[in-house]
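For reference, the structure discussed in these notes is given below.
The values are calculated or read from the model by the stated rules, or taken from the named source; none is laboratory data. All values reported here derive from a predicted model rather than from experimental measurement. With ideal geometry, Cβ positions are generated from the backbone for all residues, glycine too; neighbour counts draw on all protein chains shown. Heads up: the accessible areas ignore ligands, DNA and RNA and are worked out on the full protein's heavy atoms, side chains in. Shrake-Rupley method; radii C 1.70, N 1.55, O 1.52, S 1.80 Å.
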Amino acid sequence: MTAPGSHEFDILDTELLLESPILAVRRDTLAMPGGDTGRREIVEHFGAVAVVAVRDGKVALVRQYRHSVQARLWELPAGLLDVAGEAEITTAQRELAEEAGLAADRWDVLCDLVTSPGFCEETVRVFLARELHDVDRGPAEHEEADMTLSWFPLEEARAMILRGEIINAIAISGLMTASEVIAGRGEPRPADTPFPWRPTSLASRRVGPDLKKMS
């Protein structure tokens with residue numbers, strides 16, 4: 001038996017259980033320590049980006065209905081990495097325009113998240129957008145047609161987290177790291193920093209620029 005921390009969890013078999021436009025579920029059989037095997041169900045995902053947009057000490061938050069919890073949540077402007085080969089910063093710029101009607105002249109990376117590593121591949125890159133200006137938001141559909149946009153002082157957004165009013169994990173991570181950068185207690189990374197955590201398994205099975213389209 002190998003020492004703790006040195007075992008190789010080789011994939012012995014894999015089975016696709018579900019395929020849908022924005023996610024899939026597979027079951028992997030793994031080699032476990034001591035010679036056993038174990039099965040793990042994994043939700044495959046495209047990955048996503050989110051944006052902390054700050055202007056005059058205030059941050060843009062959207063309020064969007066999320067059917068999984070059947071409630072409207074305070075969140076950051078965000079979106080899936082569902083365009084083949086598109087850079088994360090390009091997706092972030094498009095989502096900020098579509099959801100908040102904003103563009104930014106200054107972009108940085110705040111943090112990278114593995115949102116639910118126990119069962120899901122989803123990873124999210126959170127950007128900090130500054131030097132903002134207004135742009136056309138364009139038409140919206142489905143839940144986004146019901147979405148609202150509000151501005152909060154960054155300190156108030158932090159207080160909303162502590163009061164349990166902001167519960168979206170991506171928003172919490174982005175707001176707390178942004179507050180450290182804005183306060184001068186931390187340094188962000190360049191916007192073009194490589195993103196090695198971006199998932200590839202679901203995207204690799206799709207053909208064409210729109211990865212949500214199933215062949």
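So what is the relative contact order of the range 93-135, in percent, for Cα pairs below 8 Å that sit 6 or more residues apart? If you can, show how the numbers build up before the last one.
Working: 63 pairs, mean separation 19.3, N = 43.
Result for the range 93-135 is 45 percent.
Look at where the Cα atoms of the range 112-128 and of the range 42-105 average out, and the two centres are 13 Å apart.
Note on the chain: GNM, Cα springs under 10 Å; of 107, 74, 151, the largest mean-square fluctuation is that of 151. Rounded to the nearest 10 Å², what accessible area does residue 41 have for a 1.4 Å probe in the complete protein model? It works out to around 80 Å². Please report, in debye to the nearest 20, how large the charge dipole of the chain is about its Cα centre when each Lys and Arg carries +1 at its beta carbon and each Asp and Glu carries -1 there. That gives the chain a dipole magnitude of about 260 debye.
Computed from the Cα positions only, the extents of the chain along the three principal axes stand at 58, 42, 35 Å, in decreasing order.
Does anyone have the angle between helix 88-100 and the longest principal axis of the chain? Alpha-carbon axes, 0 to 90°, nearest 10? The two axes meet at around 50 degrees.
Taken over the alpha carbons of the range 162-215 as equal point scatterers, the Debye sum produces base-10 log I(q)/I(0) values at 0.18, 0.19, 0.23 Å⁻¹ of -0.84, -0.86, -0.94. Largest first, the residues 7, 45, 142, 67 sort by 1.4 Å accessible area into 142, 67, 7, 45. With all protein chains in place and a 1.4 Å probe, the accessible surface of the range 1-89 carries 52 percent carbon and sulfur.
Projected onto planes of every orientation and averaged, the convex hull of the alpha-carbon atoms in the range 1-66 covers 8.3 nm².
Take the Cβ atoms of residue 151 and residue 16, set R0 to 45 Å, and the FRET efficiency comes out at 0.55.
Using a probe of 1.4 angstrom and keeping all protein chains present, the accessible surface of the chain works out to 54 square angstrom per residue. For the range 63-204, what is the relative contact order in percent, using Cα pairs closer than 8 Å and at least 6 residues apart in sequence? 28 percent. Entry note, the chain: the mean residue ellipticity at 222 nm calculated from DSSP H runs of n ≥ 4, each adding -39500 (n - 2.57), is -5000 deg cm²/dmol after division by the residues and rounding to the nearest 500. Could you list, bin by bin from short to long, the percent of Cα-Cα pairs of the range 124-215 in 10 Å steps? With a bin width of 10 Å, the distribution comes to 11, 29, 37, 20, 3. Here each label is just a point 7 Å from Cα along the line to Cβ, and for residue 94 and residue 68 those points are 2.2 nm apart.
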